[in-house]
Each structure stands twice: as structure tokens, then as C-alpha cells.
Amino acid sequence: MEEKTFYDVHLHAFNLSHPYLRAFIRRFNIHLILPLASVLGWFSFIPFIRNKLDSAMNLLAVMEDDIDSVFLLLENCLREDGLLDNEGLHIGGTTYKKVVLTPLMMDFGYKRMKKDPDIHYNFPCRKPIRRQVIDVFSAVTYYHRFVFKDRHEKGFPHLKPGKQGKTKRMFEIYPFIGINTLNYEYDEIKELLDKYFKDYKGNRDDLFANNPKFNGDIDRMTSNYAAGIKLYPPLDFDPWPDDQQEKDKVTLLYGYCEKKSIPITAHGGEGGFNVLSKRKVRKLASVSKWKSVLTAYPNLKLNIAHFPVNEKRFLIFPNKKRLNEVLELLANPEFKNLYMDFSCRATNSSYYKALKKLIDQSPLKDVIRRRILFGTDFSVHLMSVPSYNSYYGLFGNDSSLSAEEKELVCSLNPERFLFA
């Protein structure tokens, strides 16, 4: 019997050194939440306020930590509740012998940051992707060489060298490279794509062979280290620009990826790490942009993240505009490589109920079932759930989706997206 693999196609491995800190603060409303600790301290017994404060501190505890140990942290977390043991990951009555993670890097190298007139040290910071690439691949190597020692004398977990060949690892980790074409010249984009994907064939064994080999020298990295590309409109990436020079850059990217079947995950929605006005984000994140892309490149492997099944306006009123636009794309039989993950959306049982209702009532039932992907959006999702394993637990314990549908979402669909 063939061994099964579980996939988390959408998570992040970064700490506070990688994003723009101001964008990070705005993304999680930390500038609003933290003052609650003092201004509303007398009312901290109110569950909503207390939960928001705890969530913010929980997220910061992860983000300020050393990135080297992030994948060890995730594996340990899954072992806490018995979801993961040496036999595999146990989800919904099925045991998966391996877990594939595709951490998504984000290109924070935004070059249009303006000086802040209200502060003295107001020079715009630069966050080139190079440092993040080194850190993430170093963390992958670290994961294969070290283990968590249970406790030391002060009660905190820490690392010790693992014995090569004797430390059983459940994760295979294949990062996606973040690219913003706005930050590069045309020839630089071609050079970047060739560096990471010239000999890419979408073969899992090729990626696995390089999985623990990175030694910190990014200049010697070649193909089959990265498994795909991450695009992020709220950081000023325009999926389909009006400017011809910028459009030439994105068409180079899409043509290259379509020809080699390189998967792309794109941020879906108007939230996120945002350096732009709401009006501009709304424009760049529009589903119509991706419709233009897919019309020109119908065979492109594209995952539009954060499938908005139960999106609300003002936290109360159903907002189905974006959902209907995505469903319209799915209805096009030419866009056969279009997928949607539900990262950072499936944070409670109501999401799964809404997803099941959509599947059962939609004329696109079979299409939707074959295009949904499991994703967590760690560590971003910590503002909505307490831990990595709790997101898995919600999925595994859900009674809305059938066992067959769960296997499609977490195993068969993502395997097709990444490697078919």
C-alpha cells in the first residue's frame, strides 16, 4: 500500500527581522491592541479583550525567536496532542507517513517606502529577499541536524545536536521564493528564475535530495532547492500592470512558470502585510487581475490563497463578491491548474460548514473538491488560533467534510498542485 503524505501548502518561516516592522504592526493591529493592556487594563477580564491581548503576545513570542528552530518547534507542537508520532500524522482516521511543508517567503524589498516626516531616523529601510532566503534554507538544514531536548534546568526547551541518520524526521520542507518583479530589472528576473529553476522538473525526489544540504552559501544555490514562487500584491506587486515595461516583467515570469509547471501561490484578498493605500491594494488584489493573467497563460499553476467562503463585511454581513469572482474563474474549463487554499480562513468549525454547503450546493461541486488545498498560514494564524496543532486539530476533528474530501484537500490536491 502506497504511503500517504499530508501537505501544508501555506505557512511562513520568518521572524521580526524579515518584514517591515511598521507593516507588521499594522497587519496585526498591534498598535491598537497593545495599548489595551494599559488603557483598558481594568476591563481585561472581558474575554474579547483578554483574548486579543493573549493572541498578540503569543504571535510575538514566535516572531521574536530564532528562525533556526522554527520547524523543530512545529514538529514538537504536532507531537503534543498525539497528532504526530513516529508512525506518522494522524488526521481524520488516516495516518500520513510524511508531512510536506512549503514555507512561503515574501519579498519585502519594497523600494517606494517614503520618509516619515514625524521621526528623526526616517530613512526608508530595505528588506532584500536574500537574507530571508539564507535564513529559511538554513532553518531547513538545522531541522535535519538538531533535535529538541525535552527540558533543561530552567524549564525551557532547547536544542542539542541530533545523530545523523538516527533522528527520524517527519517533515519534508520545500520553500517558495518570494518575487516582486517591481524590485528587479527584466534581465535580473531572468537571472533569478534561471538560478532557482533552470533545471526544475517538478520532481519531489529532486527536491528531497537537496532538502538538508544548504550550507549558508546562497551564491552556490541552484535548481531544486525551491519548489515554487510566492507573489504578494499588498507589497506593491501588480499581477497585470498597465505599464508595458512592468508587464514585460510579469509576462516573463508567467511564461517561464507555465512552461516548466512551476507552482505559484498568490496572496488573495485585501488584508495582509500592507505598505499601500486601501484603494491601491483593492486594485492590485482584484480577482480581475488574475483573470487577465490566466486568460493569457491558461495552463499556469496558480493558487489564489485564502478562499473566502464565509467572508463578512463589518463582521456581520455576508460578503460574497470575491468568492463569486473566484468561482467564476473555476468555472472556466481552460483554467485547469487553478487552486485555492484556505490558509488563515479555517480557524473555526463554521468555515468548514460553509465550505461543505458551498460544495454540496454548487454546480461546480466536483471542480471545487479537486482544487481546495490545506494551508495554515502559520505564524500569521496565531491571531485566530492558539497554536499550529490546533489548526490541524480543527481540520481533523471536523465533521462537515467527508473522509474522502479531507484526503483530497490535504493530500491529493496539493500533491497535484506541487508535483504533477
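The values are calculated or read from the model by the stated rules, or taken from the named source; none is laboratory data. Small disclaimer: the values here were computed from a predicted structure and weren't measured. In this analysis, Cβ positions are derived from the backbone assuming ideal geometry, glycine residues included, and neighbour counts consider all displayed protein chains.
Out of the residues in the stretch 357-379 meeting the condition of being part of a helix (DSSP H, G or I) and touching a helix residue (DSSP H, G or I) at 6+ places or on another chain (Cβ under 8 Å), tell me which one is farthest from P333 (Cα to Cα).
Top of the filtered list is L358.
Out of all the residues in the stretch 387-401, is one or more out of contact with any Leu (no Cβ under 6 Å at 6 or more places or on another chain) and of a type in the set (D, E)?
The answer is yes; a qualifying residue exists.
Of (1) under 21 Å from the mean Cα position of the chain (by Cα); (2) surrounded by fewer than 24 Cβ atoms within 10 Å (Cβ to Cβ); (3) aliphatic (A, V, I, L, M), M340 satisfies all except one. Which?
That leaves (2) as the condition not met.
Mind listing whichever residues of the stretch 309-352 are aromatic (F, W, Y) and at pLDDT 95 or above?
F335, Y339, F342, Y351, Y352
Within the stretch 313-322, is even one residue of a type in the set (A, V, I, L, M, F, W, C) and surrounded by 15 or more Cβ atoms within 10 Å (Cβ to Cβ)?
For the stretch 313-322, residues of a type in the set (A, V, I, L, M, F, W, C) and surrounded by 15 or more Cβ atoms within 10 Å (Cβ to Cβ): absent.
Here's the yes/no breakdown for (1) surrounded by fewer than 16 Cβ atoms within 10 Å (Cβ to Cβ); (2) part of a strand (DSSP E or B); (3) at pLDDT 90 or above:
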| site | (1), (2), (3) |
| --- | --- |
| H90 | no, yes, yes |
| M113 | no, no, no |
| P124 | yes, no, no |
| R130 | yes, no, yes |
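Looking at the stretch 169-181, can you tell me whether even one residue there is modelled with pLDDT under 95 and either within 21 Å of D68 (Cα to Cα) or assigned to a loop (DSSP other than H, G, I, E, B) (or both)?
Within the stretch 169-181, one or more residues are modelled with pLDDT under 95 and either within 21 Å of D68 (Cα to Cα) or assigned to a loop (DSSP other than H, G, I, E, B) (or both).
Which of the following residues is at pLDDT 95 or above, part of a loop (DSSP other than H, G, I, E, B) and out of contact with any helix residue (DSSP H, G or I) (no Cβ under 9 Å at 6 or more places or on another chain): D238, D242?
D242
Could you list, in sequence order, the residues of the stretch 203-229 that are assigned to a loop (DSSP other than H, G, I, E, B), of a type in the set (G, A, S) and either crowded, with 18+ Cβ neighbours inside 10 Å or at pLDDT below 95 (or both)? Steps first, answer last, please.
So in the stretch 203-229, the residues assigned to a loop (DSSP other than H, G, I, E, B) come out as 203, 211-217, 221-227.
This time we only want the ones that are of a type in the set (G, A, S), so: 216, 223, 226-227.
Result: G216, A226, A227.
Quickly run through the stretch 360-389 and pick out the residues that are over 14 Å from H10 (Cβ atoms), crowded, with 18+ Cβ neighbours inside 10 Å and among the small types (G, A, S).
Correct list: S387 only.
Looking at (1) buried (at least 16 other Cβ atoms within 10 Å of the Cβ); (2) in contact with a helix residue (DSSP H, G or I) (Cβ under 6 Å, 6 or more places away or on another chain); (3) without any contact (Cβ under 8 Å) to a residue 60 or more places away in the chain; (4) not charged (D, E, K, R), find the lone condition where A354 falls short.
Checking A354 against (1) buried (at least 16 other Cβ atoms within 10 Å of the Cβ); (2) in contact with a helix residue (DSSP H, G or I) (Cβ under 6 Å, 6 or more places away or on another chain); (3) without any contact (Cβ under 8 Å) to a residue 60 or more places away in the chain; (4) not charged (D, E, K, R), the one that fails is (2).
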